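In what follows, a single structure is set out as structure tokens and then discussed.
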Amino acid sequence: MSFKLKSMSAKNRTVSGALGGFLGLVGMSAVAGILVTAAVAPAVALSGMAATNTINVFDSLPEYLAIDQLAQKSNIYASTNAEDPVGTRVLLASFYEQNRVDVASDAISQFAKDAAIAGEDPRFRQHGGVDIQSSFNGAVQTLAGGGTRGGSSITQQYVKNVLIQKCEVMTDAAKAKECYTDATQTTADRKLREMRLAIGLEKKYDKADILRGYLNIAGYGGTVYGIEAAANYYYNTTAINLTLPQAASLVAIVNNPQKFQLDRPNSETNGAANGYAANKDRRDYILQEMQKYDKISQADYDAAIATPIEPVITVPSTGCQTAGDNAFFCDYVTKVLKNDPTFGATEEERVANFSRGGFNVYTTLDLDLQATSVAALNANVPKVVNDWNIGGVVSSVKVGTGAILVMAQNKDYSQDPAVQATGANYTSLNYNTDHAYGGSNGFQPGSTYKVFTLAEWLKEGHALTERVDSRRKSNWGVFQDSCLGPQNYDAQDFNPRNDGGSSESNPNYSALQSTTGSINTGFIGMAKKLDLCGIRKTAESFGVHRADGGDLGQNAASVLGTNEIAPLTMAAAFAGIANNGMTCTPVAITKMIRSDGTELPIPKSNCTQSVEPAVAAGMQYAMQTVMTNGTARSSNAATSPRPPMIGKTGTTDSAKDTWMSGATTQVATVVGVVNVGGSNWKNQRSYKSRLFGKDASTARHRIWPLVMSAANAKYGGDDFPEASSNVINAVAVPVPDVRGKSMAEAKSTIQAAGFLFVDGGVTTSEMPAGTVANTDPAGGSASTRGATVTAFSSDGSGVTVPDVIGKNETDARTTLTAAPYTFTVAKLEQATTDKAQDGKVVAVQPGVGTASRPGAALTIVIGKYAPAPAASAPGSAPDKKNG
């Protein structure tokens with residue numbers, strides 16, 4: 001809290017001058033010491049301390065008291081409008097060690113101020129910090145009665161509370177206890193120090209500020225501190241709107257909080273049955289004192305005395321359990337506040353800052369989109385299935401900013417083990433986040449992880465239409481790994497296939513086809529041409545990391561999504577793809593304001609270029625086909641409005657977890673239906689796996705469109721950039737001519753050129769038996785890398801059609817019918833204007849040099865001369881017959 005300093009003349013008042021003000025005199029320091037000694041004489045006598053010693057001790061005591069920030073409750077807010085988070089704020093939860101809201105003097109009812117002075121320190125306006133008469137009377141009564149009696153001024157009480165507050169913030173329990181004892185024990189030494197500090201305080205600060213500080217720091221029972229929180233809690237109002245009887249009853253509590261607090265209706269001495277008699281007695285005394293000192297009229301007094309005490313207990317929202325459907329996001333925000341060094345050097349310091357600091361924390365959560373997501377989950381994933389530990393999650397992130405818009409799951413939040421024991425619908429685990437931010441160890445994302453192999457494929461210069469060996473097999477051989485060295489998984493019987501029994505029928509899918517259809521063997525084939533370590537590093541460049549804090553795995557199986565990753569992490573990565581390769585770390589806080597209005601630093605999203613925009617455009621191109629023609633087309637069709645969207649589906653082994661992840665240029669959303677622990681799970685593709693009567697495996701495709709339809713309606717979406725031709729289309733390269741080579745040599749040559757070799761079997765050929773007779777496509781023709789080249793081996797029994805072009809018919813027949821050809825020869829005639837070709841062979845079918853079998857049918861084409869018609873002479877008349 002802030003205080004206004006007094007004028008210089010007031011600040012420079014001596015201790016003696018301050019005390020002189022009490023009596024209307026101006027005295028010296030010695031006089032002040034004598035007066036103080038008189039005030040505490042009974043206690044001094046008991047201590048054996050001489051009066052002269054007291055004077056010397058008093059003058060040597062420090063008079064400066066640092067006024068620290070009061071412990072206040074902190075609030076977490078969400079909004080419906082990111083552009084105006086303060087104006088559209090909705091309270092999620094409050095947190096406090098002391099429920100206090102520090103308010104300015106003009107925000108406190110005058111009734112409360114007058115009640116405090118009349119009831120606790122009637123001469124507050126006249127004395128300089130210590131009321132000698134009250135102190136003396138209190139000390140005498142304490143000595144005479146063997147007990148204690150209040151004689152402290154409001155300033156002294158304020159000093160005592162400030163000292164106690166300093167003890168409250170200590171993290172060392174032993175030191176805090178010692179501090180508290182020192183600040184509260186009834187001794188002459190403590191009283192002298194308190195007086196000295198009170199005098200120093202009055203020299204420095206105005207009375208109005210001291211009174212405000214007192215009302216804000218005082219305890220009102222339990223964890224309620226300060227007049228504003230007391231008004232909220234006991235009467236569901238504010239300090240400025242307190243009525244006279246309400247103000248007096250709250251000030252009454254300060255005198256003895258445990259005796260006079262109003263939240264124990266069953267109390268025999270101060271409960272509802274007797275009209276809160278103890279509090280009423282004290283209240284009425286304060287009202288009497290207020291009338292005595294002309295603070296209220298007789299009519300006001302009479303009306304107030306006649307007013308019954310009727311508290312309206314309003315318990316503040318405390319902790320994230322009060323945040324309802326937003327509780328898991330609220331919990332995530334508290335973890336950010338505890339874990340991020342922006343808020344303090346140590347976790348203890350960060351926790352203390354938040355629980356005592358009086359912060360208003362404004363978050364990124366979009367309450368509209370969150371509500372839609374919760375409703376979609378509730379309609380499609382039950383909170384509890386008796387024989388299935390089922391979970392449903394939704395994470396949405398704003399593209400380009402990393403702002404978390406949605407964090408929802410199909411469970412109810414509680415950190416209380418007793419509550420959790422009442423039903424499986426309760427959990428403290430946040431399934432959307434890393435372990436450090438919610439306790440979950442993440443989930444395998446399945447094929448949604450393939451996008452990082454796609455990114456590495458394009459980064460390394462491969463094109464979408466380039467093909468790879470995608471045949472199912474268990475002998476994939478060596479994979480390159482620049483970090484761990486070459487890896488071979490054949491001994492592990494690594495034989496991947498798509499879950500659900502679908503077959504990878506094409507032996508050489510293109511990267512585009514593999515993405516559209518989510519072909520496992522296609523992506524393993526792509527990984528064979530890449531560096532496994534490079535794939536891992538590309539995933540990390542998109543901010544991907546294991547939820548448990550360990551290192552990402554990089555074996556061949558990891559290409560298919562076997563690392564456990566938080567849904568929020570995947571949502572941020574997909575947002576990075578949609579943001580042209582620029583990935584922004586997730587953030588949950590947009591603004592943080594201290595109670596005094598000071599805006600505090602907050603963690604900022606860190607945006608980095610994960611891949612070049614050209615690579616991202618290729619990824620977007622392929623991932624759009626997933627939505628329009630591939631495995632996510634049902635999600636695409638059910639979304640409206642429908643701007644351009646990218647997406648990728650994922651299914652883990654035995655359909656244990658299923659995913660739908662995608663984005664527009666504005667919002668990225670990940671939806672998962674998952675197993676949340678243990679062996680009690682089901683194959684979601686099983687006919688027995690039904691959720692609300694519908695297929696479990698398609699629940700993701702019912703939830704995702706609902707969330708993204710709402711997101712698209714609110715945030716819109718633009719076209720993605722066009723992918724360049726060289727990213728889409730593979731470069732055509734020549735097919736090697738391997739005719740006459742052994743099949744083994746041909747295979748090596750064709751594979752080295754980047755093609756998939758296929759043995760086409762034996763064919764008739766004049767080539768030596770066992771050698772390559774021909775290929776399809778033929779050697780020398782152009783084809784894309786990864787395409788299939790089928791080689792046919794010769795059976796050695798064939799002949800090649802000899803060249804008989806230009807021979808006369810007789811000679812040609814003689815050659816063709818003789819051994820080794822023994823062809824059956826047929827003849828065709830073809831008109832020719834070249835007299836030299838008359839009667840000569842002008843063509844052979846099949847052509848010269850073609851492989852054929854002995855005795856096969858063959859046709860020769862013989863030229864027959866036909867002179868061209870004579871041209872008409874220039875200028876001659878036309879033929880009458882043709883006119």
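The values are calculated or read from the model by the stated rules, or taken from the named source; none is laboratory data. On a predicted model such as this, the values are computed, not experimentally measured, just so you know. Backbone-built Cβ (ideal geometry, glycine too); neighbour counts: all protein chains shown. Please note that ligands, DNA and RNA were not included when accessible areas were found on the heavy atoms of the full protein model with its side chains. Shrake-Rupley method; radii C 1.70, N 1.55, O 1.52, S 1.80 Å.
Sequence neighbours fewer than 8 away in the same chain don't count; with that in mind, list the aspartates and glutamates whose C-alpha is under 13 Å from LYS203.
Excluding near neighbours in sequence, the set is GLU63.
Kindly work out what percent of the DSSP beta bridges joining two residues of the chain are antiparallel, to the nearest 5.
Of those bridges, close to 70 percent are antiparallel.
Please compute the per residue accessible area over the chain with all protein chains in place, 1.4 Å probe, rounded to a whole number of Å².
On the way: 37610 Å² over 883 residues.
Per residue, the chain has an accessible area of 43 Å².
Can you work out D for the stretch 594-657 in µm² s⁻¹ from Stokes-Einstein, where Rh is the Kirkwood radius over C-alpha pairs, the temperature is 20 °C and the viscosity is 1.002 mPa s?
139 µm²/s
So, in Å, what gap is there between the alpha-carbon centers of the stretch 277-328 and the stretch 441-458?
61 Å
From largest to smallest, what semi-axes in whole angstrom does the stretch 621-681 give when each is the square root of 5 times an eigenvalue of its alpha carbon gyration tensor?
25, 12, 9
Which is the longest stretch in the chain that no exposed loop site breaks, taking sites as trypsin sites (Lys or Arg not before Pro) with a DSSP loop state and at most 11 other Cβ atoms within 10 Å?
The reported range is 126-687.
Would you list the P(r) distribution for the stretch 664-721, with all Cα-Cα distances sorted into 10 Å bins from 0 and each bin expressed as a whole %?
Pairs per bin, as whole percents: 20, 38, 24, 16, 2.
Enter the angle in degrees (range 0 to 90, nearest 10) between the Cα long axis of helix 613-628 and the first principal axis of the Cα atoms of the chain, meaning the one along which they spread out most.
On a 0 to 90 degree scale, this one is about 80.
Bin by bin, in steps of 5 Å, what percent of the Cα pairs in the stretch 153-218 do you find, going until the bin that has the longest distance?
For the stretch 153-218, the pair-distance distribution reads 3, 18, 26, 23, 17, 10, 2, 0.
What nm value, rounded to one decimal, do you get for the distance between SER474 and GLU347 when each label is placed 7 Å out toward the C-beta?
Here the answer is 4.6 nm between the modelled labels.
Any chance you could get the radius of gyration and Dmax over the Cα atoms of the stretch 346-432, in Å?
Just the Cα atoms of the stretch 346-432 yield Rg and Dmax of 16.0, 46 Å.
Using only the Cα atoms of the stretch 568-706, what semi-axes does the equivalent ellipsoid have when each is the square root of 5 times a gyration tensor eigenvalue? Give whole Å, largest first.
They are 31, 22, 14 Å, listed largest first.
Along the positive direction of the dipole of the chain (beta-carbon charges: Lys, Arg +1; Asp, Glu -1; about the Cα centre), which of ALA418, ILE703, THR186 reaches farthest?
My answer, from the dipole projection, is ILE703.
LYS604 versus ALA857, label points 7 Å from Cα toward the beta carbon: distance in nm?
According to this spin-label approximation, the distance is 8.3 nm.
Using a Debye calculation, one point per C-alpha and no hydration shell, please list log10 I(q)/I(0) for the stretch 376-470 at q = 0.15, 0.22 Å⁻¹ in order.
So the normalised log intensities are -0.78, -1.22.
Ignoring ligands, DNA and RNA, what percent of the accessible area of the stretch 171-312 is carbon or sulfur (1.4 Å)?
48 percent
Calculate I(q)/I(0) for the chain by the Debye formula, one identical point scatterer on each C-alpha and no solvent, and give its log10 at q = 0.04, 0.05, 0.10 Å⁻¹ to two decimals.
Summing over Cα pairs of the chain leads to -0.37, -0.50, -1.06.
With angles folded into 0 to 90 degrees, how steeply does helix 532-541 sit against the dominant principal axis of the chain? Use alpha carbons for both and round to 10.
For helix 532-541, the angle is close to 40 degrees.
Beyond 20 Å, what share of the Cα-Cα pairs of the stretch 684-756 is found? Please give it as a whole percent. Write down the numbers at each step before the final one.
Working: 1783 of 2628 pairs.
More than 20 Å apart: 68 percent of the Cα pairs in the stretch 684-756.
Where the eigenvalues come from the Cα gyration tensor of the stretch 396-545, what are the semi-axes √(5λ) of the equivalent ellipsoid, largest first, in whole Å?
36, 19, 16
In nm, give the distance between the simple-model label positions of THR815 and ALA753, each being 7 Å from the Cα along the Cα-to-Cβ direction.
About 3.1 nm separates the two model spin labels.
Computed from the mean reciprocal separation of all distinct C-alpha pairs, what Kirkwood hydrodynamic radius does the stretch 153-297 have, in Å?
16.7 Å
What's the magnitude of the charge dipole for the chain around its Cα centre, counting Lys and Arg as +1 and Asp and Glu as -1 at the beta-carbon? Answer in Debye, nearest 20.
For the chain, the charge dipole is close to 620 debye.
Considering all alpha-carbon pairs of the stretch 223-381, what whole percent are spaced by more than 27 angstrom?
Values: 5895 of 12561 pairs.
Tail fraction, whole percent: 47.
Counting pairs of alpha carbon atoms under 8 Å apart in space and at least six apart in sequence, what relative contact order in percent does the stretch 244-300 give?
Computed over the stretch 244-300, the figure is 30 percent.
Once you have the alpha carbon radius of gyration of the stretch 552-643, what is it after dividing by 2.2 N^0.38 Å, with N set to its residue count? Mind dumping the intermediate values first?
Details: Rg = 17.9 Å, N = 92, 2.2 N^0.38 = 12.3 Å.
For the stretch 552-643, the normalised Cα radius of gyration comes out at 1.46.
Return a whole-number percent for the relative contact order of the chain, with Cα pairs under 8 Å and 6 or more residues apart as the contact set.
Values: 1896 pairs, mean separation 84.7, N = 883.
This gives 10 percent for the chain.
For the stretch 762-809, what % of the accessible area comes from carbon and sulfur atoms, probe 1.4 Å? Don't skip to the end; give the middle numbers.
Values: 1010 of 1960 Å².
Roughly 52 percent of what the probe reaches on the stretch 762-809 is carbon or sulfur.
Applying 1/(1 + (r/R0)^6) with R0 = 45 Å to the Cβ-Cβ distance of ILE805 and GLU612, what FRET efficiency is obtained, to the nearest 0.05?
0.20
Just to confirm the number: angle between the C-alpha axis of helix 567-578 and the first principal axis of the chain, 0 to 90 degrees, nearest 10?
Approximately 60 degrees, to the nearest ten.
With respect to the cross-link table entries LYS113/LYS280; LYS459/LYS656; LYS73/LYS292; LYS591/LYS656; LYS459/LYS682, which display a Cα-Cα separation exceeding 29 Å?
Beyond 29 Å between Cα atoms: LYS459/LYS656; LYS73/LYS292; LYS591/LYS656; LYS459/LYS682.
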